[in-house]
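As structure tokens, the structure follows; a few thoughts come after it.
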Amino acid sequence: MRLLDVHHPLVAHKLAVLRDRSTNSATFRLLTDELVTLLAYEATRDARVAEIVVETPVAPARGVKLSSPKPIVVPILRAGLGMLDGMTRLLPTAEVGFLGMIRDEQTLQATTYANRLPEDLTGRQCYLLDPMLATGGTLAASISYLAEKGADHITAVCLLAAPEGLERVERETAELQIPVTIVTAAVDERLNDKGYIVPGLGDAGDRLYGLAD
Ligand code: URA
């Protein structure tokens, strides 16, 4: 597993406002969208392309276009939905699948409750969207699930990650024979006893969709 902890003043600035408990849901959604677009730029460095030639008004020029099969973007419901527009802004031709994972607050184990994905992901580059890499259970299960369906290149985009979650994802995906990359705006200190990232930003779903206001 490769970790890409993005250091950029604009990323750090937007993240600080997201963390602030006084930031309301509307601003939180807007900033999440902008922050994901910045992370998407880093996350797509290995996007597969094919060479093309275009005609400029002056002469032919070599270029590239995203190659087939199309990449697929998979938000993990529900909070990953808040990251979808920010990601597809940079990958407008990508397909979008959905994965619903819920975490049992007592056991902190993840189970699938919704799945809207192509049956066969052979040869596909997949971009998983999950704002908070906390215990890592949801993300590790999602990565393994996509790999079982044939995905051969998986990148997870997370606003924040905890060291415990990164270790778990690394451990639980070590056997997969495909490149797995985590892209995040910051690696925080730790998890608390409720499985929240410290200092974190609270419950990303609630902050996006307003239930905690
Ligand atoms: N999920 C969240 O939304 N926040 C955390 O801190 C951990 C998991």
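The values are calculated or read from the model by the stated rules, or taken from the named source; none is laboratory data. What you are looking at is a predicted structure, and each value in this text was computed from that prediction instead of being measured. Glycine gets a Cβ as well: all are built from the backbone with ideal geometry, and neighbour counts include every protein chain shown. Protein only, heavy atoms only, side chains kept; ligands, DNA and RNA dropped before computing areas. Shrake-Rupley method; radii C 1.70, N 1.55, O 1.52, S 1.80 Å.
A few notes on this one:
- 0 to 90° range, to nearest 10: angle between helix 9-19 axis and the chain longest Cα axis: 30 degrees
- Sorting His13, His153 on solvent-accessible area from highest to lowest, probe radius 1.4 Å, gives His13, His153.
- Angle between the chain longest axis and helix 163-172 axis [Cα atoms, degrees, rounded to 10]: 60 degrees
- For the chain, the longest site-free run once GluC sites (Glu not before Pro) in DSSP loop states with at most 11 other Cβ atoms within 10 Å are removed: 1-104
- Among the trypsin sites (Lys or Arg not before Pro) in region 79-124, those located in a DSSP loop and surrounded by at most 14 other Cβ atoms within 10 Å of their own Cβ are Arg89.
- Over all pairs of different C-alpha atoms, region 1-76 has a mean inverse distance whose reciprocal, the Kirkwood radius, equals 15.6 Å.
- Debye log10 I(q)/I(0) at q = 0.24 Å⁻¹ for region 52-93, Cα point scatterers: -0.84
- Contact order for region 109-167, expressed relative to its length and based on alpha carbon pairs under 8 Å spaced 6+ residues apart, stands at 46 percent.
- Distance from the alpha carbon centroid of region 31-85 to that of region 120-187 works out to 18 angstrom.
- Applying the criteria of a DSSP loop state and at most 11 other Cβ atoms within 10 Å to the trypsin sites (Lys or Arg not before Pro) of region 1-59 yields Arg21, Arg45.
- Environment charge at Pro69 (Cβ cut-off 11 Å; Lys +1, Arg +1, Asp -1, Glu -1): 0
- Projected label distance in nm at Asp120 and Arg62, using a 7 Å step from Cα toward the beta-carbon: 3.3 nm
- Mean projection area, nm², convex hull over Cα of the chain: 12.9 nm²
- Evaluated at q = 0.21, 0.29, 0.30, 0.32 Å⁻¹: base-10 log I(q)/I(0), Debye formula over Cα of region 7-48: -0.65, -0.98, -1.02, -1.09
- Whole-percent carbon and sulfur share, accessible surface of the chain, 1.4 Å: 52 percent
- Straight-line cross-link reach from Lys65 at under 30 Å between alpha-carbon atoms covers these lysines, not counting any fewer than eight positions away in the same chain: Lys149.
- Formal net charge of residues neighbouring Asp85 (Cβ-Cβ distance under 13 Å; K, R +1; D, E -1): 0
- Tail weight of P(r) past 16 Å, computed on alpha-carbon pairs of region 75-175, percent: 55 percent
- Each Cα pair under 8 Å and six or more residues apart adds its sequence gap; the mean of these over the residue count of the chain is a relative contact order of 24 percent.
- With respect to the chain, whose longest principal axis is taken over its alpha-carbon atoms, helix 137-148 is tilted by about 30°.
- Geometric descriptor of region 20-132, per residue, is 146 Å³ (volume of the convex hull of the Cα atoms).
- Within the chain, helix-based [θ] at 222 nm, where runs of 4 or more DSSP H residues each add -39,500 (n - 2.57), nearest 500: -9000 deg cm²/dmol
- Taking every protein chain into account, the accessible area of the chain amounts to 51 square angstrom per residue (probe 1.4 Å).
- For Met1, the accessible area of its heavy atoms, probed at 1.4 Å with every protein chain present, is near 80 square angstrom.
- Charge sum, other residues only, whose C-beta stays under 14 Å from Asp46's C-beta, Lys/Arg counted +1 and Asp/Glu -1: +2
- Multiplying the residue separation of Arg190 and Tyr113 by 0.36 nm and removing their Cα-Cα distance gives an extension gain of 25.0 nm.
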